[in-house]
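Derivation of every value follows stated rules applied to the coordinates shown; laboratory data play no part. Just so we're clear, the structure is a prediction, and the values are computed from it rather than from any experiment. Quick reminder, even Gly has a Cβ in these numbers, built from the backbone with ideal geometry, and neighbours come from all protein chains shown.
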Amino acid sequence: MSRLLYAFLFISIPILALGQNLNVSLNQDFYVPFERSIIKSNQIIHHGFKPLNQRSISNLEINETVLSISRKEDRSYVARKLFFEHFLFVDSSKFQLIVDPIVNFEYGQDIEDQRDVNLYKNTRGFNVKANIGNRFSFESTFRENQANLPSYLSERVEATQVAYGQGRVKTFNEEGFDFSMASAYLSFSPSERVNIQAGHGKHFVGFGHRSTLLSDLSFNYPFLKVESNWLANKLQYQNLYTLFQDLDRLPSSINSEALFERKRGSFHYLEYKPNTKLSIGLFEGLIWPSLDSTGNINVNANYWIPIIYVNTLLENEQNAGNNIVGLNAAYQLISNILLYGQLSMADMETDNLSFQFGAKYFIGDRWMIQGEYNNSENNLKSNLYTHYNESLSLPYIKGEEFFGKIQYRLNRWISNASMNRIESGSTEIRFVDVKQSYLINPAYNLTISLGLQYREEQMENSKIGNQTSRENVYIYFGISTNLQNLYFNY
């Protein structure tokens, strides 16, 4: 089996023709082998706007010793399905179909939680991917969830009425939540230089753990995206048009439930990579709020202007409020260190600056060490840069954060340890996450894990001059298919 085939197995991409147009699953752990290979490659590969399209990394070679997936020849049908293959794989000359289950069965205990509840997550769903010819692909995913959560996370869900990037919640039993999430997209490449996608999903701009520009922290949203590559692939341009909504209802004079307030977003990202070492990306994000009480969004033609920064310069009442312009950059220092950073400014005001700088150090074929610093001085009076009551960038409006992570891979064993500290206003949060995992089936990332999460929150009461503190120590065991980013560390 070729190295390329091992790579595709490992990141849950079906083993199909190179002409396919599917995306790499939006999960930070999935990108570690790719980032290691990208900075060592002599190819120009853009990876500042995620999810990546599979064809952009189709020629990468990932060191086989990292994956070390034993051969599956002469295994029984049951063994192949459990440990090597997709649940269903149909392949013909012009059509490929893959169907896999999605699960997250997790049980844990918070030893500092005063509530007498059992903590668990119960997720069931499916993932369907298909290619039709060399130009058209689609993917569809659905998840149904019930969960009893640690106290700090349960309080956050109750306050926002959304489940940490997975949609609105309903009460389940006395302490739990019920929620579901669906995503899908159609992908079409009319030429080698252009890819067009329409669907319901998330996006991320950056090379780090957080993004000050556009993050996948919030729930899925409808989108239309056009990607084009120019100048022998040195220049890549992304145009993203979205539909967001807040969980505040519009006024209604009828008895039926009123519509939620909606708003449109337009994002433009221009990345220039003159060589394999340097990447410079320019970003513009604009929120176009709805002012119509009927729920209609009367957005003028300027919304569709595909040229970056034009609407920022032509600022008017419709796009005023929470417009972000910024810079996203990375530089390869020697052969195994990636330096990265971001600078963003909201509403063209210098007191609304946010910035990020960090580094990833790839040691051999097994280790990755990451350090990152984020700082936000956003002083906006109102924040429209949100979707489903969650941020579209950093999880805090104003504050600073230190983040560190170590990852080690040996065959199918994956060890992760991360920690971060957030200071925001009078609150300080420390979070530690340690997890040991075993990759059961690399075809769709079925993983068994044992982990520990420690969270400490300190809050200062300026009125009475004292400080309160609380801790959460959550120990858990689970089996899951990890195809998305879920953020608990704030």
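The overall shape of the chain is rounded: from the C-alpha gyration tensor, with semi-axes ordered a ≥ b ≥ c, the ratio a/c is less than 1.5. Assuming charge only on the beta carbon of Lys and Arg (+1) and of Asp and Glu (-1), the dipole of the chain about its Cα centre is about 1800 debye to the nearest 20. When Ser344, Ser154, Ser415 are sorted by how many other C-beta atoms sit within 10 angstrom of their C-beta, beginning with the fewest, the order is Ser415, Ser154, Ser344. At q = 0.13 Å⁻¹ the log10 of I(q)/I(0) for segment 159-206 amounts to -0.51, computed by Debye summation with a single uniform scatterer per C-alpha, solvent ignored. Using a cutoff of 8 angstrom between alpha carbon atoms and counting only pairs six or more residues apart, the relative contact order for the chain works out to 15 percent. Modelled spin labels at Glu112 and Tyr408, positioned 7 Å past Cα toward Cβ, are 2.6 nm from each other. Placing unit charges on each Cβ (+1 for Lys and Arg, -1 for Asp and Glu) gives the chain a dipole about its Cα centre, and among Leu338, Phe34, Asn389 the Cα reaching farthest toward its positive end belongs to Phe34. Cross-link reach is defined here as a Cα-Cα straight distance under 16 Å, omitting same-chain residues fewer than 8 places apart; for Lys129 the aspartates and glutamates meeting it are Glu85, Asp91, Asp100, Glu139. Extending 7 Å from Cα along the Cβ direction at Phe188 and again at Ala301 yields two label points whose distance is 2.3 nm. Projecting the Cα atoms of Asn420, Asn472, Ala443 onto the dipole axis of segment 406-490, where Lys and Arg carry +1 and Asp and Glu carry -1 at the beta carbon, places Ala443 farthest toward the positive end.
If the segment from Phe357 to Ser335 were pulled out straight at 0.36 nm per residue, it would be longer than the present Cα-Cα gap by 6.0 nm. Dipole check for segment 389-490: with +1 at the C-beta of Lys and Arg, -1 at the C-beta of Asp and Glu, and the Cα centre as origin, the magnitude is about 380 Debye.
Projected onto its three principal axes, the C-alpha set of segment 362-490 covers 54, 32, 30 Å, listed from the longest axis down.
Cross-link reach is defined here as a Cα-Cα straight distance under 26 Å, omitting same-chain residues fewer than 8 places apart; for Lys273 the lysines meeting it are Lys40, Lys50, Lys202, Lys225, Lys234, Lys360. Each of Met181, Met348, Met419 was scored by other Cβ atoms within 10 Å of its Cβ. Arranged with the fewest first, they read Met348, Met419, Met181.
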